[in-house]
1. Right, Val65: outside the structural domain of His198 (by TED's automatic domain parsing), hydrophobic (A, V, I, L, M, F, W, C) and closer than 27 Å to Asn210 by Cα or not?
2. Go through (1) of a type in the set (D, E, K, R); (2) under 19 Å from Leu93 (Cα atoms); (3) loosely packed, with under 13 Cβ neighbours inside 10 Å one by one and return the number of the condition Asp258 breaks.
3. Any chance region 109-127 includes a residue that's crowded, with 18+ Cβ neighbours inside 10 Å, of a type in the set (Ser, Thr, Tyr) and in contact with an Asp or Glu (Cβ under 6 Å, 6 or more places away or on another chain)?
4. Check every one of the helices (runs of 4 or more DSSP H) wholly within region 220-295 and list those with 2 or more residues that are touching a residue at least 12 places away in the same chain (Cβ under 8 Å) and among the basic types (Lys, Arg).
5. What is the residue count in region 179-220 for residues that are within 22 Å of Asp46 (Cα to Cα) and basic (Lys, Arg)?
6. Can you confirm whether Met148 is crowded, with 20+ Cβ neighbours inside 10 Å, under 30 Å from Pro82 (Cα atoms), touching a residue at least 24 places away in the same chain (Cβ under 8 Å) and in the same structural domain as His250 (by TED's automatic domain parsing)?
7. Residues of region 203-219 being closer than 16 Å to Gln110 by Cβ and surrounded by 22 or more Cβ atoms within 10 Å (Cβ to Cβ), which ones?
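The values are calculated or read from the model by the stated rules, or taken from the named source; none is laboratory data. Note that the coordinates shown come from a computational prediction; the quantities given were computed from them, not determined experimentally. Here the Cβ is made from the backbone with ideal geometry for all residues, glycine too, and neighbour counts use every protein chain on show.
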Amino acid sequence: MLKRTIYIGNPAYLKLKDNQLKIEDPVTKEVKGSVPVEDMGFLVLDNPQITLSHPVILALQQQNVAIISCDESHLPLGLMLPISGHVEHSERLKHQINCSEPLRKNLWKQTVEAKIFQQKEVLRKLDLDYTPLIKYMNEVKSGDSTNMEGIVAQYYWGKLFDDFTRERKGDAPNNFLNFGYAVLRSMVARALVSSGLHPTIGIFHRNKYNAYCLADDIMEPYRPYVDGLVVDWMNHPESTHILDKPAKAHLLQLATKDVYINGLQRPLMTALSITTSSLCKCFTGESRVIHYPMM
């Protein structure tokens, strides 16, 4: 069953009863909602007046629910995951650590190719010129040594938005992109842990200050799905340039967005599990192909 994303943007007290997450008004004590913990995949906390008990945290971790906390700008800031999400975690981690440099470079080549393909599809669906991306996709070398990812990014963003500079902060569409990417990063990290992999040990990203290097690697071909949702929202009649609740609700549809992977239509959350499982097989030597969706 597809796991649910629960977003809480108002003051609330969260408690556990009969393995149900109870969402209670902290003043009136009225129960505003109830969700089976086993149905949850993500819990997004977006209000400074949210309180949750330790039994709630334990129950969520036992069900591999990712807890995402947002800052005063309403952007995801923290992520809590269980230490081990798979019975063979130790064995799989050993293979991940021992991954050879040639394999890392090959996996990154596949990842960049998949990202460029997805960017091409975004432009195609918007009736924008995507033909240069076909050429760039076929020119990606091992480890992306010629930085085709960066070359494509300049062309892609120039076509997608007028007078746009990609920034970690700033007005729309950057605020929408940053929120969507942060949620996506959390989703990828959860899928990696579920596959017995550690999100810190990357195949390309290796910043010692980054606790999610592998998540940042694997999310790259999935970023264009966020881009597409942002474009849709920017064109929506109810859209403003503010990252408000309607905007977040739209972007949180990411988890259930249908994608095509291995010739089948699957929700994006399920596709992530297929991708991370195939990555694990690459680390163990069972395969050399990492499976990414094809729009």
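1. On the way: outside the structural domain of His198 (by TED's automatic domain parsing): yes; hydrophobic (A, V, I, L, M, F, W, C): yes; closer than 27 Å to Asn210 by Cα: yes.
Spelling it out, Val65 is indeed outside the structural domain of His198 (by TED's automatic domain parsing), hydrophobic (A, V, I, L, M, F, W, C) and closer than 27 Å to Asn210 by Cα.
2. Evaluating Asp258 over (1) of a type in the set (D, E, K, R); (2) under 19 Å from Leu93 (Cα atoms); (3) loosely packed, with under 13 Cβ neighbours inside 10 Å leaves (2) as the failure.
3. yes
4. In region 220-295, 245-251 are the helices (runs of 4 or more DSSP H) which contain 2 or more residues that are touching a residue at least 12 places away in the same chain (Cβ under 8 Å) and among the basic types (Lys, Arg).
5. Of the residues in that region, 2 qualify.
6. Values: crowded, with 20+ Cβ neighbours inside 10 Å: yes; under 30 Å from Pro82 (Cα atoms): no; touching a residue at least 24 places away in the same chain (Cβ under 8 Å): yes; in the same structural domain as His250 (by TED's automatic domain parsing): yes.
For Met148, the condition - crowded, with 20+ Cβ neighbours inside 10 Å, under 30 Å from Pro82 (Cα atoms), touching a residue at least 24 places away in the same chain (Cβ under 8 Å) and in the same structural domain as His250 (by TED's automatic domain parsing) - is not met.
7. Result: Ile203, Leu214, Asp217, Ile218, Met219.
Here's the yes/no breakdown for (1) closer than 27 Å to Met269 by Cα; (2) within 12 Å of the chain's Cα centre (by Cα):
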{"site": "Leu128", "(1), (2)": "no, no"}
{"site": "Ser145", "(1), (2)": "no, no"}
{"site": "Phe164", "(1), (2)": "no, no"}
{"site": "Val183", "(1), (2)": "yes, yes"}
{"site": "Ser186", "(1), (2)": "yes, yes"}
{"site": "Arg190", "(1), (2)": "yes, yes"}
{"site": "Asp217", "(1), (2)": "yes, yes"}
{"site": "Gly228", "(1), (2)": "yes, no"}
